[in-house]
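For reference, the structure discussed in these notes is given below.
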Amino acid sequence: MRRRVLAALFLALSAVPVAAAPALAGTSPRDSGGRISVDGGLLIGENELVDGPVVSIDGTVRIEGTATGDVYVIHGDVEITGRARDDIVVLDGDVRVTGGVDGDIAVIGGRVIVATRDSFVGGDIRSTDQPRVARGAQVSGSIDKLGFDGLFGSIMFTLLMFLWLAVTVSTALFGVLYVWLFPTATEASVRASRDVGRTAAWGIGVAIVGPTLAVIALASLIGLPLGLGLGAGFVALSGLAYVTSALCLGRAMIQGTTTGNRIGAFFAGLGILRAAALLPGIGALVGFLATVYGLGVLANAVWRARRVAPSGGATIDSSPTEPTPVVAAELVDEETTHDGAADGDDDELASSGR
């Protein structure tokens, strides 16, 4: 249950960018689009049913009817006289319940008040100020004061989820551009990744040599700019390596060399890697291994490319070659033709002399 509260807190904060839209009036009996308000507050009337999330920034939310989605409020209070069928998360405000809430209630910077004996809460109640629950009110979950440890854990969880989301979105955008703009390079990387042993060796070597050279350069004042450049370049190369690993992983499931197939394969691999990043204990290890293997793929692809002739794609061979029989045959035919022509001329001269 605690994880649900923390997840709801993350969703509340991640709703902030989209909340820049104007407030939705929603006067129909059933509103399937949810409600979002900035600097104004929201009212769900007694006969209204909102089938979607309710988000408010700097304003009070009053639910007299029914809200089926989560309720997120930043700097504002929530008053429930009707029914809220999912979780309620409030930052800097109070929640007062005289109706019913089916989910959890989490408040940071305020208090949860279950005011009447006819009120009910189907989940947990947590707030930084001591919750107040009327005698006889029905609360199915636990009632806890959210102390410093709980508050710190919630904030850290939210920050980590924001970091995960930011990395996922930026990696997805970068990967799509790379796959779309450089199809030849991506296909070369996929071919190089099939040599698993050599690719792994290249990856380990680059992962060790690159940071080591940067640290050595940073140790001296003269080499400081070089060390900073090497460090920045290695960070950028690591991002490209992670994208390459995602593409190679996805190509194991989605074949084809069209742009759509390549992008689909990239998203398939990225989805697996980013889902693994959420697993406690092994998420960081999976990301590290994917980056190292991607470095090996890039290094192996470059090594294979430098051995290919720029003109026709054939491997350069510097060994001496012998004249081919075809050329010799052509020379013999040419001599025979000249001899035949000379014999013909002699016959003509003999005939004319007669």
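Figure legend. Inter-residue proximity from the stretch 156-175: first residues more than 19 Å from L247 (Cα to Cα), second residues modelled with pLDDT under 85, beta-carbon distance below 6 Å, spacing 6+ or different chains. Indicated pairs: F157/L6; T158/L9; T158/F10; T158/L13; M161/F10. Kindly evaluate A12 against the criterion of being crowded, with 21+ Cβ neighbours inside 10 Å and modelled with pLDDT under 85. Taking the combined requirement at face value, the residue satisfies it. The one condition from (1) aliphatic (A, V, I, L, M); (2) modelled with pLDDT of 85 or more; (3) under 30 Å from F162 (Cα atoms) that V302 does not meet is (3). R198 satisfies every condition listed in (1) exposed (fewer than 14 other Cβ atoms within 10 Å of the Cβ); (2) part of a helix (DSSP H, G or I); (3) more than 25 Å from the chain's Cα centre (by Cα) except (1). Within the stretch 217-234, being closer than 20 Å to A301 by Cβ and of a type in the set (A, V, I, L, M, F, W, C) holds for one residue alone: F234. For the stretch 150-164, the count of residues that are in contact with a strand residue (DSSP E or B) (Cβ under 6 Å, 6 or more places away or on another chain), at pLDDT below 90 and β-branched (V, I, T) is zero. Give the residues of the stretch 75-94 that are touching a Gly at 6+ places or on another chain (Cβ under 8 Å) and surrounded by fewer than 24 Cβ atoms within 10 Å (Cβ to Cβ), sorted by residue number. Listed by number, the residues that qualify are H75, G76, D77, T81, G82, R83, R85, D86, L91, D92, G93, D94. Considering every residue within the stretch 131-140, establish whether at least one is touching a residue at least 40 places away in the same chain (Cβ under 8 Å) and buried (at least 18 other Cβ atoms within 10 Å of the Cβ). Within the stretch 131-140, none of the residues are touching a residue at least 40 places away in the same chain (Cβ under 8 Å) and buried (at least 18 other Cβ atoms within 10 Å of the Cβ).
Considering A217, A275, A268, the condition of being more than 18 Å from T168 (Cα to Cα) and either assigned to a helix (DSSP H, G or I) or at pLDDT 90 or above (or both) is satisfied by A217 alone. Answer with yes or no whether G256 is open to solvent by less than 60 Å² (accessible area, probe 1.4 Å) and at positive phi. Yes: the conditions hold for G256. Quick one: would you say V97 is more than 22 Å from T158 (Cβ to Cβ) and open to solvent by less than 30 Å² (accessible area, probe 1.4 Å)? Taking the combined requirement at face value, the residue satisfies it. Residues that are more than 17 Å from R35 (Cβ to Cβ), among the hydrophobic types (A, V, I, L, M, F, W, C) and in a strand (DSSP E or B) do occur in the stretch 71-94.
The values are calculated or read from the model by the stated rules, or taken from the named source; none is laboratory data. The model shown is predicted, which means the values in this text are computed figures rather than measured ones. Here the Cβ is made from the backbone with ideal geometry for all residues, glycine too, and neighbour counts use every protein chain on show. These accessible areas exclude ligands, DNA and RNA; they are computed on the full protein's heavy atoms, side chains included. Shrake-Rupley method; radii C 1.70, N 1.55, O 1.52, S 1.80 Å.
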